[in-house]
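The values are calculated or read from the model by the stated rules, or taken from the named source; none is laboratory data. The model shown is predicted, which means the values in this text are computed figures rather than measured ones. With ideal geometry, Cβ positions are generated from the backbone for all residues, glycine too; neighbour counts draw on all protein chains shown.
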Amino acid sequence: MKIKLIIFALVLLSTQAYSQSKNSISIFYGVAANNVNIHGDIGDYGYKSKSSTIIGFGYTHNLTNSFALETGLQYSSNKLILSYIVPDRGEILSPGRAKLITVPIYGKYSFLKYLYVNAGLLVDFDFGADNDTGINDQKGIGAEIGVGGKYDFGKVTVFINPFLLEHRLIGFKNYGRTNSIENAGVKFGVGYNF
């Protein structure tokens, strides 16, 4: 039901925005270092930082010359390594991968013609980890902030967007022990303005 409501809201937003001018669509690819925030849990386990890849598409609607709303859909594959201690065996490493679909809703402020800051909330849907890394389901609301640069070639835009992101700040399910994936990386993309 939540997915249907989000899709309906995105369609409604894009229909309203399409009737106005200054829209753009984009595709992007990103790489990031990731970490798992265990939110102060104490114990003999932890996570080792690995990498993430991100692909997606975006839709931007300019409300003014300097402020826009952004949304879209992105897929991320996050490599994780759970590290824990077993008596008489030492450190045990359990690698895995968490796969997420994310729907972001950002505000974007452009300045100095080629630069921008974007920040906002995102809704994550976790569709599985391929190994037992002990990570909680990442379904929930997260946040992202980034700075970027863009250059227009007529109706085509290229951009680079370094970012910081934390998934599952507010989870859809309550667990006794929570953890969330954090990403720090950069997205590269190309867009079309219409």
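Across the stretch 153-194, which residue is modelled with the lowest pLDDT among those that are over 25 Å from Tyr59 (Cα atoms) and surrounded by 14 or more Cβ atoms within 10 Å (Cβ to Cβ)?
So the first thing to find is which residues in the stretch 153-194 are over 25 Å from Tyr59 (Cα atoms), and the list is 171-180.
Keeping just the survivors that are surrounded by 14 or more Cβ atoms within 10 Å (Cβ to Cβ) gives 171-172, 178-180.
Details: Gly171: 85, Phe172: 83, Thr178: 72, Asn179: 81, Ser180: 86.
Only one residue fits best here, namely Thr178.
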- Item | The listed residue being at pLDDT 80 or above, in contact with a Gly (Cβ under 9 Å, 6 or more places away or on another chain), surrounded by 14 or more Cβ atoms within 10 Å (Cβ to Cβ) and of a type in the set (Val, Ile, Thr), out of Val31, Val36 | Val36
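Taking the residues in the stretch 155-190 that are in contact (Cβ under 8 Å) with a residue 24 or more places away in the chain and among the small types (Gly, Ala, Ser) as candidates, determine which candidate is farthest from Ile55 (Cα to Cα). Please lay out each step first, then the result.
First, pick out the residues of the stretch 155-190 that are in contact (Cβ under 8 Å) with a residue 24 or more places away in the chain: 155-163, 165-173, 175, 177-190.
Okay, now just the ones that are also among the small types (Gly, Ala, Ser), so 171, 180, 184-185, 189.
On the way: Gly171: 23, Ser180: 20, Ala184: 15, Gly185: 13, Gly189: 10 Å.
Residue satisfying both the conditions and the ranking: Gly171.
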- Which members of the stretch 71-104 meet the condition of being over 22 Å from Ala33 (Cα atoms), in contact (Cβ under 8 Å) with a residue 12 or more places away in the chain and surrounded by fewer than 19 Cβ atoms within 10 Å (Cβ to Cβ)? Ile85
- Query: Within the set of pairs 6+ apart or on separate chains, which have a first residue in the stretch 109-136 that is modelled with pLDDT of 95 or more, a second that is part of a loop (DSSP other than H, G, I, E, B) and surrounded by fewer than 17 Cβ atoms within 10 Å (Cβ to Cβ), and C-beta atoms under 7 Å apart?
  - Reply: Tyr109/Ser66; Ser110/Ser66; Phe111/Ser66
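Name the residue, out of Asp88, Asp126, that is under 19 Å from the mean Cα position of the chain (by Cα) and among the charged types (D, E, K, R). Steps first, answer last, please.
Numbers: Asp88 fails: under 19 Å from the mean Cα position of the chain (by Cα).
One residue alone meets the criteria, Asp126.
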